[in-house]
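Everything on this sheet refers to the single structure shown next.
Each reported figure results from applying straightforward, stated rules to the coordinates on display, with no laboratory input. The structure presented is a predicted model; accordingly, all values stated were derived computationally and were not measured. Glycine gets a Cβ as well: all are built from the backbone with ideal geometry, and neighbour counts include every protein chain shown.
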Amino acid sequence: MKDVTLHGDSPASPTPVNRRAGDRPSWLKIRVPGDLERLPVSGMINDLALNTVCQEARCPNIFECWGAGTATFMILGDICTRRCTFCAVGRGTPREVESDEPERVAAAVERMGVRHAVITMVNRDDLPDGGALHFARTVEAVRTRTGAAVEVLISDLEGNRDALRVVIASRPEVLGHNIETVPRLYAQVRPVAKYERSLDLLRWADQERTGGMLTKSSIMLGLGETEDEVVEVARDLRSAGVDIFTMGQYLAPTGEHHPVRRYYTPEEFAELGRRARELGFHHVESAPLVRSSYMAHRAIQSTAE
């Protein structure tokens, strides 16, 4: 086994908010247990011609999750219509929607035998409903074929409330939409997105929810925000009715992406998590390697207790 970094490192330099953070600290180095392609999940995903956010977003937890037989499926292709500066997913003109994809995802969930399936998507601003109907059909296919709980992580659907209703009507146990960063950094990090539009989507989800559905959002730390701004975002999300809140360290996929401005320590994550819990979230995950879909089942378990 060897220590590796799964994302491109930023050039070494001091660590103030407006500069690159320098060398990656020890707590962000991952021990790779072997060849990813030899894991059963890898073969199954290739057989069914599926995409996963684990691969496309270069998630640092991929070996742990795939080794445990879990994955987060990414539907509607692997090309995004947005140009967020933090993201490793490809950009450009998406291909046509594959009508059999919902059944292929359901087959994968069945073969994996998972109890909590997570499904996410690329932004599809080229589609009138942002891909909502295809997403709903995927949730319904998984529910028909398996007994798994389903967590969805959707785009902002360009603020289309009717499209959001279509996704909610498929009855996911958790509906997530990531706020990603603080409003001051949106122009740099999410130039096509709007902070208030994302908040509206989460607020609408709270108002439209049925059957005990939970709502969820996530933020990355280290893009240049301050701790007070992070807490203010958490406050906004809780005011919008969000139940589950996660925080993790941003890691630049390549040197061409938005640079890491700061590496937060595990202790700083713990303190920010404590402050978020004080706001009344049902469940909070806050640690350097936390990602929005990492150990997602724990949130449902904790809210049921």
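Annotations for the structure displayed:
- Between Asp228 and Glu271, residue separation times 0.36 nm minus the direct Cα-Cα distance comes to 14.3 nm.
- Pairwise label distance in nanometres, Val97 with Ser239, each label 7 Å out on the Cα-Cβ vector: 3.4
- With Cα atoms defining each centre, the stretch 223-260 and the stretch 136-211 are spaced 17 Å apart in the structure.
- The H on the amide N of Val260, modeled in the peptide plane, is under 5 Å from the matching H of Ala21, Ala252, each at least 5 residues off or on a different chain.
- Per-peptide packing, taken as the mean over residues of other Cβ atoms within 10 Å, places 259-265, 90-96, 208-214 in the sequence 259-265, 208-214, 90-96 from highest down.
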